[in-house]
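Visitor: Pasting in a structure now, in structure tokens, and then I'll have a few things to ask.
The values are calculated or read from the model by the stated rules, or taken from the named source; none is laboratory data. Keep in mind the model is a prediction, meaning the values are calculated, not measured. Methodologically, a virtual Cβ is constructed for each residue, glycine included, from the backbone with ideal geometry; neighbour enumeration extends over all protein chains shown.
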Amino acid sequence: MGGGSADVAAGARVRVILLGPPGAGKGTQAGRLAAERGIARISTGDMLRDAIAHGTPLGQQAAPIMEKGGLVPDELLIGLIEERIHRPDCAQGYILDGFPRTLRQAEGLESMEGGDGTTSFVIFDVEVPRPELLRRLSGRRWCPTCQATYHVESNPPTRPGLCDWDSTPLIQREDDKESAVAQRLAEYDKRTAPLIEYYSGRSRFHRIDGNRSVDVVFGELNGLLGVCR
Ligand code: AP5
């Protein structure tokens with residue numbers, strides 16, 4: 001589904017954008033790619049959930065919006081990312097999981113990277129049919145301590161209901177409940193899907209069939225990033 005290799009030169013600063021609807025597997029793949037490449041994974045969903053858990057002003061503003069499946073205001077997210085991508089762990093590059101999600105966020109990202117529309121992001125649009133998205137979201141379980149993600153059928157923990165890493169009881173995310181999922185998918189269609197057209201003319205834009213096993217999808221993404229091990 002994708003084009004040729006992303007041809008990321010050895011030693012180059014790798015900047016990856018993972019696009020895709022809720023449940024496409026962005027978080028799963030971002031975690032593996034970041035570990036493989038030794039670069040930072042930046043998940044805006046995880047950052048916001050962390051802010052909620054710590055009761056910060058950002059968390060207090062985001063909580064009621066996220067619970068209903070809406071999008072948190074652009075200015076908050078742009079400020080959050082601008083600070084985050086300038087931290088030392090992003091010196092070798094980063095993978096953005098869940099950002100940008102609106103045209104305004106995409107433009108904000110270009111300008112914070114000093115770009116003029118040609119900044120060399122590798123962009124993966126991970127596509128999965130809707131019935132499979134619903135299956136994944138309804139079966140997802142999540143560790144509130146380390147944010148590891150599981151699925152009751154396709155990626156169960158070793159011990160039922162407990163995180164493999166820290167034994168915390170797994171929970172269902174509030175926004176994985178039915179009404180919030182419907183709202184998240186509607187927000188995706190209206191505000192995030194237009195980013196596909198925004199990025200699709202770029203030479204490093206790749207459409208990825210995400211309706212395959214985690215390993216197969218990872219193999220393709222990793223290969224496109226020019227890592228052949
Ligand atoms: P966020 O946490 O980013 O949620 P999302 O984009 O809706 O994505 P998900 O986490 O639901 O899915 P995913 O694609 O990461 O899939 P995953 O790998 O977990 O955002 C949450 C909320 O925060 C938003 O709704 C919004 O309110 C707010 N927010 C965040 N960023 C924002 C922004 N930039 N602007 C404004 N608001 C923002 O996989 C899902 C399940 O499928 C798992 O159970 C997994 O095990 C399983 N799975 C994964 N891959 C496969 C596979 N290949 N085969 C079978 N199962 C698989």
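Visitor: How many residues are within 7 Å of the ligand (Cβ to nearest atom) and in a helix (DSSP H, G or I) if we restrict to the stretch 37-48?
Guide: Looking only at that region, the number is 4.
Visitor: Just need a number here: residues in the stretch 184-197 that are surrounded by fewer than 18 Cβ atoms within 10 Å (Cβ to Cβ) and either at pLDDT below 95 or among the β-branched types (V, I, T) (or both).
Guide: Adding up the residues that qualify gives 1.
Visitor: Would you tally the residues in the stretch 164-185 being of a type in the set (A, V, I, L, M, F, W, C) and closer than 15 Å to A53 by Cβ?
Guide: Here the count works out to 1.
Visitor: Hey, can you tell me all the residues within the stretch 11-36 that are within 11 Å of the ligand (Cβ to nearest atom) and in a helix (DSSP H, G or I)?
Guide: The answer is K26, G27, T28, Q29, A30, G31, R32.
Visitor: Six or more apart or on different chains, Cβ atoms under 6 Å: show the pairs whose first residue is in the stretch 131-146 and under 22 Å from R212 (Cβ atoms) and whose second is assigned to a helix (DSSP H, G or I) and within 11 Å of the ligand (Cβ to nearest atom).
Guide: L137/D176; L137/V181; R140/D176
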